[in-house]
Structures are given as structure tokens and as C-alpha cells.
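Enquirer: I'd like to ask some things about the structure below.
The values are calculated or read from the model by the stated rules, or taken from the named source; none is laboratory data. Keep in mind it's a predicted model, so treat the numbers as computed, not measured. All Cβ positions, even for glycine, are placed from backbone atoms using ideal geometry, and neighbour counts span all protein chains on display.
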Amino acid sequence: MSQDRTYICIDLKSFYASVECRERGLDPLTTNLVVADPERTEKTICLAVSPAMRARGVPGRCRVFQIPPDIDYMMAPPRMQLYIDYSADIYAIYLQYISKEDIHVYSIDEAFMDVTDYLPMYRMSAKELSMKIMEDVYAATGITAACGIGTNLYLAKIALDITAKHVEDHIGILDEESYKRTLWSHKPLTDFWRIGSGIAKHLEGAGIYTMEGIAKADEDMLYRMFGIDAELLIDHAWGRETTTIADIKAYRPKENSISSSQVLGCDYDFEGGRLIAKEMADLLCLELVEKGLVTDSISLYVGYSRRLQKKSAHGTITMPVTTSSAKKIMGYTQELFEQIVDRNAPIHRVTLAFNRVVDEMYQQYDLFTDPAEIEREHKIQKTMLEIKEKFGKNAILKGMNLEKGATTIERNRQIGGHKSGE
């Protein structure tokens with residue numbers, strides 16, 4: 001590599017589906033398997049399809065009904081805890097070669113590594129080290145991996161996403177020159193990291209269809225089209241990326257927040273939606289207590305039934321106190337819900353966020369707050385967390401969790417909105 005640093009980006013191919021195949025003693029390369037919840041409708045999205053199905057043209061995130069009827073396949077219910085366990089085992093393999101300070105876990109099945117200082121020590125090229133790590137992952141778990149190698153994080157990602165797909169060993173290698181030589185004319189633009197269909201369509205309107213087109217376009221025009229985001233777009237068009245893993249590790253956001261979101265299994269009426277928001281507020285309050293945090297700002301987003309094509313409701317409310325009290329926060333959440341939500345429109349999606357989250361040492365009271373009462377509630381919340389930790393999330397519930405339409409009990413059995421498999 002011609003530049004100072006060398007990065008690799010490793011992706012576990014069709015990860016969820018490959019895990020399910022291996023758990024059944026089957027070869028993911030020859031087995032037709034999809035990971036999807038059979039209890040949901042055929043419109044549900046497949047979390048993954050096996051490499052064998054992808055080889056037959058089935059996209060990785062299709063809906064069940066989109067699978068061609070002539071393909072016989074098995075359906076595996078998602079087991080998120082199992083996938084997390086596999087991912088942790090694979091991360092342990094990475095740590096045998098690379099320090100955690102030089103690894104950025106991008107997702108459950110993808111990780112970046114800065115291998116610059118390790119290549120002389122191992123007396124290996126980046127490709128040789130990548131192959132060694134991939135072989136160890138396969139030997140330990142049976143999971144096949146692909147890899148991108150680049151002189152910056154962006155090129156490593158593009159080498160993985162585009163170049164690795166067209167070589168037999170599934171290892172793509174790029175520097176700025178080879179990127180311009182081989183991918184400047186590549187179509188479609190949506191194959192490139194961080195270019196979605198909306199950006200691509202906007203560029204097409206200006207007659208731009210390739211990365212070379214972006215690189216050679218009038219920069220003022222791009223800034224008018226995309227604002228500050230044009231800077232990243234232009235850099236990536238030239239194959240440049242200044243952010244390093246060290247920068248990512250050192251980053252600290254100016255403001256923190258925590259949030260929860262759910263797509264409801266069916267449309268809810270106003271009162272049902274209010275119950276969902278209340279449950280979500282209660283669970284997020286427990287998360288605040290668990291992490292030793294407090295907040296003074298709540299944001300709520302409510303999406304209506306798709307058949308209405310009605311604009312979502314959203315709003316933010318600021319509390320006069322900084323707290324983790326479920327009693328106070330649920331009260332303000334209910335107030336915000338009543339302010340912004342249409343009483344006559346069926347509800348399909350709810351997102352709740354606590355903004356400006358800070359350490360509980362900054363907890364504040366107002367004239368109407370009894371500190372002793374807040375402390376009693378805090379102790380009860382702590383006790384609830386201890387019981388849940390010892391006996392499971394559903395070991396202790398509130399009356400609202402047993403009401404018709406409540407979702408907390410089911411969500412407590414999930415990880416990331418999908419069944420944990422436990």
C-alpha cells in the first residue's frame with residue numbers, strides 16, 4: 001500500500017443464515033435457508049438468506065412473499081442471543097491478532113481493523129493476515145467471511161462491498177489509484193457506502209451517474225444540492241477518508257440520548273398508542289437508573305397507519321427537573337402524546353427518546369418535588385433491576401403490562417426487536 005496506514009474490513013457472509021445452517025449441521029453454501037419469524041405475515045422481512053439462496057438471485061433483505069415459488073427452502077426463526085454469542089466468539093478470534101484499540105466493531109457481523117503496526121510484527125502482508133484471520137474464524141465457527149483491504153476506512157469498506165464480490169478468494173484490495181482506475185465508472189452509485197437511493201436520484205437529476213461524475217462535477221453545485229454533506233461525497237468520490245479508528249475511539253458526542261422504537265403488529269387506536277408510549281417510557285426510565293443517568297427532555301415520534309399516507313406526529317417537551325423518575329417522566333410523556341397525536345388516526349409506529357442525558361450527579365429538583373419521595377422511587381427502581389437481572393426481565397411487571405395491547409412482556413423476550421431464541 002502506498003499510504004501510511006492499512007485497514008481491513010471483515011464481513012461474516014449471510015451471518016444469521018450461516019449460523020442457523022451450522023447449528024443444523026448443514027452447509028450454508030448448498031442449503032436454502034431464510035431467517036424469518038414464521039409467526040409474522042409473509043410481508044415480514046427476511047433477516048438473512050443463506051449464500052446458496054443469494055447465489056440463486058434472492059436478495060438478503062427481501063420479504064418472504066418475494067422469494068420465488070420454485071425455490072424450496074427452510075425457515076429458521078431468529079435467535080438473536082445465539083448470533084450475539086457467535087459474534088462474541090469471533091471477536092475473541094480478532095483479539096488474538098489485533099488489540100481492541102485498533103478494532104472498530106461496525107455491526108454484529110462486520111468489523112474494521114487498523115493492521116498497519118501488526119504487519120511488520122507478523123511479517124505478513126495485509127492479505128496474508130486477513131486470510132489467516134478468516135481461516136481461523138471458519139475453523140472455529142464454520143462461518144465464511146469476506147474482506148476488504150484499503151489505505152483508509154472508506155476504501156477498505158468499498159473493497160469489501162464491491163471488489164471482494166468479483167474475486168475468487170473474496171478479498172478486495174484498493175488504494176486511491178486503483179479505486180479511480182477500477183471503480184470510477186462503476187454503476188449503480190447505490191453500491192457505494194453511504195449513497196442511498198435518494199442521493200443517487202438527486203445526482204441523476206444533475207446528470208451524474210458515477211463516482212467520476214461526482215469527482216469532476218462543479219463543487220459549488222454539489223454544495224447547493226447537499227450542503228455540508230457534499231464534502232464527504234466529494235472526498236469519497238476521490239477515494240479519500242481522513243477519519244481513523246483512533247478518531248472513532250476518541251469521539252465523544254456533545255449530547256447523549258437514549259431511545260426506543262417499535263413497529264406495532266397491528267394498528268392501534270389513540271388509547272392503545274398512549275399505553276405503548278407509557279410502557280416505553282417506563283422501560284427507558286429503568287435504563288436511565290441502570291446506567292446512572294438522568295434527563296430533562298423527551299421527544300416522541302408517532303407514525304400512523306400506512307394506508308392513511310398521513311404525516312407522522314413528532315414533538316419535544318422539556319421538564320423543569322432533571323430526573324430518572326418513572327412517575328415524572330411518564331407523566332410528561334403522556335402530556336406530550338396528548339398534545340401531538342391525532343385522536344382519530346390509527347397508530348402503527350412509536351419512537352420515544354430521552355435527550356440531553358447526563359450523569360445522575362446532575363439530578364435537579366423543582367419546588368414541587370419531594371427529594372425523599374424521589375429517593376424512595378429510585379430505590380424501588382434499583383430493586384426491580386436486581387430482580388430482573390436475577391430472574392429475567394418478565395420476573396416483575398406492572399399492571400399496565402398486563403393490559404390488552406401491551407407489548408412489554410413480548411418485547412422483553414426479544415433482542416433488537418427479534419426473538420432472542422431463549
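Enquirer: Please verify whether region 279-294 includes one or more residues that are more than 26 Å from the chain's Cα centre (by Cα), of a type outside the set (A, V, I, L, M) and assigned to a loop (DSSP other than H, G, I, E, B).
Expert: No, region 279-294 contains no residue that is more than 26 Å from the chain's Cα centre (by Cα), of a type outside the set (A, V, I, L, M) and assigned to a loop (DSSP other than H, G, I, E, B).
So that you can scan it fast, the table gives a plain yes or no per residue for (1) farther than 22 Å from K187 by Cβ; (2) over 26 Å from the mean Cα position of the chain (by Cα); (3) free of Cβ contacts under 8 Å to residues at least 40 places away in the same chain:
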| residue | (1), (2), (3) |
| --- | --- |
| I133 | yes, no, no |
| C147 | yes, no, no |
| T151 | yes, no, no |
| L160 | no, no, no |
| D169 | yes, yes, yes |
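Conditions (1) out of contact with any strand residue (DSSP E or B) (no Cβ under 6 Å at 6 or more places or on another chain); (2) at negative phi; (3) modelled with pLDDT under 85; (4) surrounded by fewer than 17 Cβ atoms within 10 Å (Cβ to Cβ), marked per residue:
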| position | (1), (2), (3), (4) |
| --- | --- |
| E335 | yes, yes, no, yes |
| D342 | yes, yes, no, yes |
| F354 | no, yes, no, no |
| Q364 | no, yes, yes, yes |
| P371 | yes, yes, yes, yes |
| E389 | yes, yes, no, yes |
| L402 | yes, yes, no, yes |
| H418 | yes, yes, yes, no |
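Enquirer: What is the one condition in (1) closer than 23 Å to A48 by Cβ; (2) part of a helix (DSSP H, G or I) that T182 does not satisfy?
Expert: Just one mismatch for T182, condition (1).
Enquirer: Would you confirm, using the coordinates I've provided, whether K165 is of a type in the set (K, R) and either in a loop (DSSP other than H, G, I, E, B) or modelled with pLDDT of 95 or more (or both)?
Expert: no
Enquirer: Take the residues in region 338-374 that are polar (S, T, N, Q) and outside any strand (DSSP E or B); name whichever of them is farthest from G272 (Cα to Cα).
Expert: Applying the first criterion (polar (S, T, N, Q)) to region 338-374 yields 339, 344, 351, 355, 363-364, 369.
Within this subset, residues satisfying the condition of being outside any strand (DSSP E or B) are 339, 344, 363, 369.
Details: Q339: 16, N344: 12, Q363: 32, T369: 30 Å.
Looking at the filtered set, the residue picked out is Q363.
Enquirer: Might you let me know whether region 23-32 holds any residue that is closer than 27 Å to V263 by Cβ, assigned to a loop (DSSP other than H, G, I, E, B) and of a type in the set (V, I, T)? Explain how you work it out, then say what you get.
Expert: Step one: list which residues in region 23-32 are closer than 27 Å to V263 by Cβ, which gives none.
Taking every residue of region 23-32 in turn, none turns out to be closer than 27 Å to V263 by Cβ, assigned to a loop (DSSP other than H, G, I, E, B) and of a type in the set (V, I, T).
Enquirer: While we're here: Among the residues of region 220-244, which ones are of a type in the set (D, E, K, R), assigned to a helix (DSSP H, G or I) and surrounded by 14 or more Cβ atoms within 10 Å (Cβ to Cβ)?
Expert: Passing the criteria: only D235.
Enquirer: If you don't mind, there's one more thing I want to ask. Pairs under 6 Å by beta carbon, first residue among the aliphatic types (A, V, I, L, M) in region 82-98, partner assigned to a helix (DSSP H, G or I), six or more apart or different chains?
Expert: I90/V137; I93/D136; I93/V137
Enquirer: Continuing with this model, one more query. What residue, of L275, L308, is hydrophobic (A, V, I, L, M, F, W, C), touching a Pro at 6+ places or on another chain (Cβ under 8 Å) and at negative phi? Spell out how you get there, then give the answer.
Expert: On the way: L275 fails: touching a Pro at 6+ places or on another chain (Cβ under 8 Å).
Within the list L275, L308, the selection yields L308.
Enquirer: Among C21, C62, C46, C9, which is the only one that is at pLDDT below 95, surrounded by 22 or more Cβ atoms within 10 Å (Cβ to Cβ) and at negative phi?
Expert: On inspection, the qualifying residue turns out to be C46.
Enquirer: Still on this model: If you go through region 185-212, how many residues are farther than 16 Å from E241 by Cβ and outside any helix (DSSP H, G or I)? Before you say what the answer is, go through the steps one by one.
Expert: We begin by selecting, within region 185-212, every residue farther than 16 Å from E241 by Cβ; these are 185-191, 196-210, 212.
Right, trim to outside any helix (DSSP H, G or I) and you get 185-188, 196, 206-210.
Qualifying residue count for the region: 10.
Matching residues to (1) surrounded by fewer than 12 Cβ atoms within 10 Å (Cβ to Cβ); (2) within 24 Å of Y86 (Cβ to Cβ); (3) touching a Gly at 6+ places or on another chain (Cβ under 7 Å); (4) of a type outside the set (G, A, S):
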residue: A126; (1), (2), (3), (4): no, no, no, no
residue: A139; (1), (2), (3), (4): yes, yes, no, no
residue: N152; (1), (2), (3), (4): no, no, no, yes
residue: A159; (1), (2), (3), (4): no, no, yes, no
residue: I171; (1), (2), (3), (4): no, yes, no, yes
residue: Y179; (1), (2), (3), (4): no, no, yes, yes
residue: H186; (1), (2), (3), (4): no, no, no, yes
residue: D191; (1), (2), (3), (4): no, no, no, yes
